[in-house]
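Input: a single structure, listed below in structure tokens.
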Amino acid sequence: MGSNTEPLTFPKPKFITGGCLCNAIRYRVDFPEDHDFLKSSSTCQCTQCRKQTGSLFFSCHKISPASNFQFIGDDFSSGTPPAALKIYQASKQAERAFCGNCGSFIYWKPLADSTEPGSGNKMDYLCFTVGTTDPLYLFGEGADGIEVPNEGFGLALANGGGYHVWCRNEIKGVTDESELLGKGTKGRGIRLQEE
């Protein structure tokens, strides 16, 4: 677990929107009133996430139930997913959604028949990629300071207070001491060697 035990306060959104680089895929996430923004902000350092994101770690935000994540826009009015949406399964447990046009990674989600180890409960959640959040909500670009704070909701979405998975894949001198990944004096969250 990270060493920072100070309470973290930040503005929390009721909803956010986002999409891929080419805007062929657009989405909206509605947050339940009891949504725990701190525990829902996570990272992953597994090889699959590194290869898909092209980054050293995947920064994601968990939303439950998964139905709180909805595709929006003209292409989705028919109820079918956007034509550019592609699904890839790198493992037997989950699917990864991305744009087939520009390659943007949109979300990671357990398969519909996946259950939690031990309990057998259905895993009904989705982890959306924080980096695809619209600039208005992520860092406040064009914010009015009333409905959306001038700094946006980036801290609520990517505060590092949740799980940090596949920490056994840390890169010495690079990701092994990162506070965002749960280490150092300001580190938060729970570090797991593997999921």
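The values are calculated or read from the model by the stated rules, or taken from the named source; none is laboratory data. Every value quoted in this text rests on a predicted model; they were computed, and no experiment measured them. With ideal geometry, Cβ positions are generated from the backbone for all residues, glycine too; neighbour counts draw on all protein chains shown.
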Exercise. Does ALA97 satisfy being more than 17 Å from the chain's Cα centre (by Cα), modelled with pLDDT of 95 or more and small (Gly, Ala, Ser)?
Worked result: no
Exercise. Hey, does the stretch 38-54 have a residue that's without any contact (Cβ under 8 Å) to a residue 60 or more places away in the chain and over 19 Å from LYS86 (Cα atoms)?
Worked result: no
Seminar exercise, completed: Just one listed residue, out of CYS60, CYS44, CYS20, is at pLDDT below 90 and under 22 Å from LEU155 (Cα atoms), and it is CYS44
For this session: With the checklist (1) at pLDDT 70 or above; (2) of a type in the set (Val, Ile, Thr); (3) in contact with a strand residue (DSSP E or B) (Cβ under 7 Å, 6 or more places away or on another chain) in hand, flag the one item ILE146 doesn't pass.
Result: (3)
Exercise. Within the set of pairs 6+ apart or on separate chains, which have a first residue in the stretch 8-23 that is free of Cβ contacts under 8 Å to residues at least 40 places away in the same chain, a second that is outside any loop (DSSP other than H, G, I, E, B), and C-beta atoms under 7 Å apart?
Worked result: PHE15/ARG28; PHE15/VAL29; PHE15/ASP30
Seminar exercise, completed: Pairing a residue in the stretch 102-115 that is under 22 Å from ALA84 (Cβ atoms) and at pLDDT 95 or above with any residue that is surrounded by 14 or more Cβ atoms within 10 Å (Cβ to Cβ) and of a type in the set (S, T, N, Q), where Cβ atoms lie under 7 Å and the two sit 6 or more apart in sequence or on different chains, gives SER104/THR132; PHE105/GLN52; PHE105/THR53; PHE105/THR129; ILE106/THR129; ILE106/THR132; TYR107/THR129
Exercise. Filtering the stretch 118-129 down to residues that are of a type in the set (A, V, I, L, M, F, W, C) and out of contact with any His (no Cβ under 8 Å at 6 or more places or on another chain), which residue is surrounded by the fewest Cβ atoms within 10 Å (Cβ to Cβ)?
Worked result: MET123
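Here's the yes/no breakdown for (1) surrounded by fewer than 19 Cβ atoms within 10 Å (Cβ to Cβ); (2) at positive phi; (3) touching a helix residue (DSSP H, G or I) at 6+ places or on another chain (Cβ under 6 Å); (4) not in a helix (DSSP H, G or I):
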residue: GLY131; (1), (2), (3), (4): yes, no, no, no
residue: TYR137; (1), (2), (3), (4): no, no, no, no
residue: GLU141; (1), (2), (3), (4): yes, no, yes, yes
residue: ILE146; (1), (2), (3), (4): yes, no, no, yes
residue: GLU151; (1), (2), (3), (4): yes, no, no, yes
residue: GLY160; (1), (2), (3), (4): no, yes, yes, yes
residue: HIS164; (1), (2), (3), (4): no, no, yes, yes
residue: ARG168; (1), (2), (3), (4): yes, no, no, no
residue: ILE171; (1), (2), (3), (4): yes, no, no, yes
Problem set entry | Elements of type strands (runs of 3 or more DSSP E) contained in the stretch 24-117, each with 2 or more residues being out of contact with any helix residue (DSSP H, G or I) (no Cβ under 9 Å at 6 or more places or on another chain) and surrounded by 13 or more Cβ atoms within 10 Å (Cβ to Cβ) | 69-72, 85-88, 94-99
Exercise. Here are some conditions: (1) buried (at least 19 other Cβ atoms within 10 Å of the Cβ); (2) in a loop (DSSP other than H, G, I, E, B); (3) at pLDDT below 95. GLY184 meets all but one. Which one does it not meet?
Worked result: (1)
